[in-house]
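So the structure is just underneath, and the comments pick up after that.
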Amino acid sequence: MVSAYVSLAVADVVSFWVRPEAGPVVAVGGTVVDRTPAALKEWAIRAFGENDKTVLQLGILLILAVLALGVGLLALRHRLLGAAAVAAFGVLGALAAVTRPDSESAMDAVPSLVGAAAGALLLYVLTGRLLTPRPGTAQADRRGFLIVAASTGLAATGAAAIGRAVGTPVQENAAASREALRLPRPASPAPAVPAGAQLDVPGISTFFTPNRDFYRVDTALIVPKVNADHWRLRIHGSGVREERTVTLRELMARPVLERDITLNCVSNPVGGPYVGNARWLGVRLADLLREAGVRPPSEGGPADQLVARSVDGMTIGTPVETVMDGRDALLAFGMNGEPLPFAHGFPVRMLVPGLYGYVSACKWIESIELTTFDAYDAYWVPRGWAAQAPVKTQSRIDTPRALSRPAAGTVMVAGVAWAQHRGIRRVEVRVDDGPWQDARLGAADGSDTWREWVHPWTATPGRHTLTVRATDGTGTTQPERRTDTMPNGAQGWHSVEVTVKG
Ligand SMILES: Nc1nc2c(c(=O)[nH]1)N[C@H]1C(S)=C(S)[C@@H](COP(=O)(O)O)O[C@H]1N2
Ligand SMILES: [Mo]
């Protein structure tokens, strides 16, 4: 176990100099994420929420601990075989690291190999202490064992701690580039949010979701830290007249739009938390595409799919027609008045109002390829998710909370409803099996944002079920029947049960 621990700590230190993402736990973890069956991954997201990545890494460490015990027992019988087993795990880690989609060089194998070499050597030395008698006695050299184990363990811990505290040169530069970034003024500011878009009801979502509270969903075990000064976006593929590469400076020199857009995740269950609303700053993606010669299929363009690729290898496929139909599809660099946070895609991400994040909102974007849905499946498609996924109309009761115990009298039932790019026309609330009653709607900020709603309910003592449903701007009402998030987003009415105190 000590050898395994030292092995990981050494790999950790080395990975800071090579690339943090090339560390064995992160590389193996990423491989597991990419190969986990969709159903299991959905379960993990439901069970662990945004802690799913921590749970995964702890799980890997636990498995390694068990394997280490086994190898330790083996090493007590065959010292060399034990050391060879540690080396074999190093090779597996190295293979995982160099086959990650974001791996660009064989150097990524180094952290695992160096870590394994250190671990193998230590295991050989430690078992030597246990197997060879102390000079002049018939007993194993337990004191020597403890001294070597403790000192190497401590040294490795210290080195890893220092490495983490100092951080990598790459990450430092990225943070400095974000600090130095000054956001441009929008040529087209967001229309003022009408008074009354934010309802004054305790417990309701804030109309704008602060960045620190904005949900995060991605496959990255380490948040990519991209240096804005070196960032480039490449636009290429079918129907592109001339391949183009733009820098952040060039992007920010274009006419800048400020827009309020609600973003949500296809994995959000009915009533779930994976939805947020922000004020974004960016440029119109459709204009950039037009300049590159791209035409939508309706104008005879050859490409119907735009595949955005991120620095960590994620691919996200979006219909070209949707991006170019006049909606505010953005390449965004600002979020709620600051540069994008690293976790939300710094320096630049895509956003397309009306589509789930996994088919539109590529973070840490580095290239856009024009292709067809026939020719290419983006990351989530072979994993069982729909290739195209417009958001479904949804409504959520924020207050009262499920299983809460409000006092009898007037209880404000309130929440949010969203149907990006179609807008929300109506929200209704039902108490138990009673009639549907119109909720009062907050002012609409536009069709791309969610809308708040409130219904004053005269609550009588006892158990009650509150249910909500919304009607979108096309006049379609949310269907009652619940469907799974897979393959293209959950449907159904949200209800909460409360017990009103007498
Ligand atoms: N590079 C990258 N971009 C990504 C993802 C990802 O895993 N990697 N996840 C997508 C999904 S599924 C969603 S719902 C949104 C979430 O954006 P947020 O984390 O900023 O809320 O990002 C999208 N963009
Ligand atoms: Mo998502």
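All of the numbers you see were taken from the coordinates with simple rules; none came from a lab. Every value quoted in this text rests on a predicted model; they were computed, and no experiment measured them. Note that each Cβ is placed from the backbone with ideal geometry, even for glycine, and that neighbours are counted across all protein chains shown.
Here are the numbers for this structure:
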| read-out | value |
| --- | --- |
| In the stretch 388-482, the GluC sites (Glu not before Pro) that fall in loop regions by DSSP, at most 12 other Cβ within 10 Å | Glu480 |
| Environment charge of Leu289, counting only residues whose C-beta is closer than 11 Å and scoring Lys/Arg +1, Asp/Glu -1 | +3 |
| More than 22 angstrom apart: percent of Cα pairs within the stretch 1-103 | 37 percent |
| Placed amide H near Gln305: partners under 5 Å, 5+ positions off or other chain | Val320, Thr371, Thr372, Phe373 |
| Set of lysines near Lys53 by C-alpha distance (under 25 Å), chain-local residues within fewer than 8 positions excluded | Lys41, Lys225, Lys363 |
| 3J(HN,Hα) from dihedral phi, the stretch 167-172, Karplus parametrisation 6.51/-1.76/1.60, rounded to Hz, x for glycine, proline | x, 9, x, 4, 5, 4 |
| Residues whose placed amide H lies under 5 Å from that of Met412, excluding near-sequence neighbours | Trp457 |
| Separation in nanometres of the label points that stand 7 Å from Cα toward Cβ, at Arg143 and Thr206 | 6.3 nm |
| Calculated FRET efficiency for the pair Glu242/Ser188, C-beta based, R₀ 30 Å, to 0.05 | 0.65 |
| Paired Rg and Dmax values of the stretch 291-345, which use every Cα atom, in angstrom | 13.7, 39 |
| Separation of the Ala106 and Arg164 label points, Cα + 7 Å toward Cβ, nm | 3.2 nm |
| Calculated [θ] (222 nm, deg cm²/dmol) that DSSP helices of n ≥ 4 give over the chain, each run adding -39,500 (n - 2.57) | -10500 deg cm²/dmol |
| Taking Ile368, Ile60 and counting other C-beta atoms within 10 Å, the order from fewest to most | Ile60, Ile368 |
| Value of Rg/Rh across the stretch 112-189 [Cα atoms, Kirkwood radius] | 1.44 |
| Per residue convex hull volume, Cα atoms of the stretch 211-383, in Å³ | 116 Å³ |
| Rg(Cα) / (2.2 N^0.38 Å) computed for the stretch 394-500, rounded to two decimals | 1.06 |
| Placed amide H near Trp280: partners under 5 Å, 5+ positions off or other chain | Arg259, Asp260, Ile261, Asn336 |
| Pairwise FRET efficiency - Arg383 versus Ala176, Cβ, R0 = 35 Å, nearest 0.05 | 0.45 |
| Integer Hz, Karplus 6.51/-1.76/1.60 couplings in order for the stretch 424-436, x for Gly and Pro | 10, 9, 7, 10, 10, 10, 10, 9, 6, 9, x, x, 6 |
| For the chain, the longest site-free run once trypsin sites (Lys or Arg not before Pro) in DSSP loop states with at most 10 other Cβ atoms within 10 Å are removed | 242-480 |
| At most 12 other Cβ within 10 Å, DSSP loop - GluC sites (Glu not before Pro), the stretch 241-308 | Glu242, Glu243 |
| Relative contact order %, the chain, counting alpha carbon pairs below 8 Å whose residues are six or more apart | 13 percent |
| Note, ³J(HN,Hα) from phi for the stretch 404-420, Karplus 6.51, -1.76, 1.60, rounded to Hz, x at Gly and Pro | 7, 10, x, 7, 4, x, 7, 10, 7, 8, 8, x, 10, 9, 9, 7, 3 |
| Kirkwood Rh and Cα Rg combined as Rg over Rh, evaluated for the chain | 1.06 |
